[in-house]
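For reference, the structure discussed in these notes is given below.
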Amino acid sequence: HKIENKDGGVVYTNYPYGYKIAFPEDTEFNLDTANILTKAVIGKDVDFTVTKEWSPYEDSVQYVKDYTNRYMMDPKFIEENKLTMHRDEMLDVGKYKIQYIIFTREAPENTAHKKNTYAHCYIYTDTQRFYRMTFNTYEYTEEFSKLVDYVTMSIDENVLSMGEAGFYLDFKPELPKNWNEDEDLRIRSYLPPKASLFLIISLKRRLVNIN
């Protein structure tokens, strides 16, 4: 992976997957899970993700329509979940077809999640390969829409694929301070014999209310 300043912005290059994308200069990247998806924060409040995906069918546009967006684009679903659609369109951009679905969710007043405007974008190539980009912010504005266009339309596959994708994590599981042998045996009873320590600790956190 490579991140470099260029032409007043930032270019992120993903060598293992063979693509690059341009971003505004004030973008911060998170490559912890870049072998699955790359995350970033654009400006102060736009959360971003990108994944490179594969359709099991030749028609990747129909695949996304039938599976990924089957419910989200249903009129009843839109009404019941109080969604306001801002954009729902497919554009031809160079050799790509780019689909834009941008909407705002009317969330309950007491919800902890305040970013209720979403952009789900799909970039289709001439193969079964496609890209999914998501953007999430507080409210819909023309500036947000232009930002989505700028990032999605900058994708470039003129990159020599090299290297291997991998996790960039320093995390190591540690036993909680209140851990004891009885607790260990109880948790292990829910798991396969060779369960990892990480899985054991994760399950313990889910079972805190089980006696």
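The values are calculated or read from the model by the stated rules, or taken from the named source; none is laboratory data. Predicted model only: the values in this text are computed from it and were never measured. In this analysis, Cβ positions are derived from the backbone assuming ideal geometry, glycine residues included, and neighbour counts consider all displayed protein chains. Heads up: the accessible areas ignore ligands, DNA and RNA and are worked out on the full protein's heavy atoms, side chains in. Shrake-Rupley method; radii C 1.70, N 1.55, O 1.52, S 1.80 Å.
In whole Å, what are the extents of the stretch 55-134 along the principal axes defined by its C-alpha atoms, from largest to smallest?
Per principal axis, max minus min of the Cα coordinates gives 44, 23, 19 Å.
What ³J(HN,Hα) values, in whole Hz, does the Karplus curve 6.51 cos²θ - 1.76 cosθ + 1.60 give for the stretch 64-70 when θ = phi - 60°, with x put for Gly and Pro?
Each residue's phi maps through the Karplus curve to give 5, 5, 7, 10, 5, 10, 4 Hz.
Classify the stretch 2-160 as rounded, prolate or oblate from the Cα gyration tensor: take a ≥ b ≥ c as the square roots of its eigenvalues, call it rounded if a/c is under 1.5, otherwise prolate when a/b beats b/c and oblate if not.
The shape class here is oblate.
State which entries of Lys44/Lys95; Lys6/Lys82; Lys97/Lys146; Lys2/Lys65; Lys44/Lys65 exceed 29 angstrom in Cα-Cα distance in the structure shown.
Over 29 Å apart, Cα to Cα: Lys44/Lys95; Lys6/Lys82; Lys2/Lys65; Lys44/Lys65.
Taking amide H atoms as placed 1.01 Å from N in the peptide plane, list the residues 5 or more away in sequence, or in a different chain, whose amide H sits under 5 Å from that of His86.
Ile102, Phe103, Thr104
Using the Karplus equation 6.51 cos²θ - 1.76 cosθ + 1.60 (θ = phi - 60°), what ³J(HN,Hα) coupling, rounded to whole Hz, does each residue of the stretch 115-121 give in order, writing x for Gly and Pro?
Result, ordered by residue: 8, 10, 10, 10, 10, 10, 10 Hz.
How large, in Å, is the stretch 28-86 by the Kirkwood hydrodynamic radius built from its alpha-carbon pairs?
After inverting the pairwise mean of 1/r, the radius is 14.1 Å.
If amide H atoms are built 1.01 Å from N in the plane of the peptide, which residues on other chains or at least 5 residues away come under 5 Å of the amide H of Asn35?
Here the answer is Gly166, since their amide H atoms fall under 5 Å of that of Asn35.
Given a 1.4 Å probe and every protein chain left where it sits, what share in percent of the accessible area of the stretch 13-160 is carbon and sulfur?
Carbon with sulfur: 49 percent of the solvent-accessible area.
What is the sum of charges, Lys and Arg at +1 and Asp and Glu at -1, for the other residues whose Cβ falls under 12 Å from the Cβ of Tyr71?
Cβ neighbours under 12 Å give a net charge of 0.
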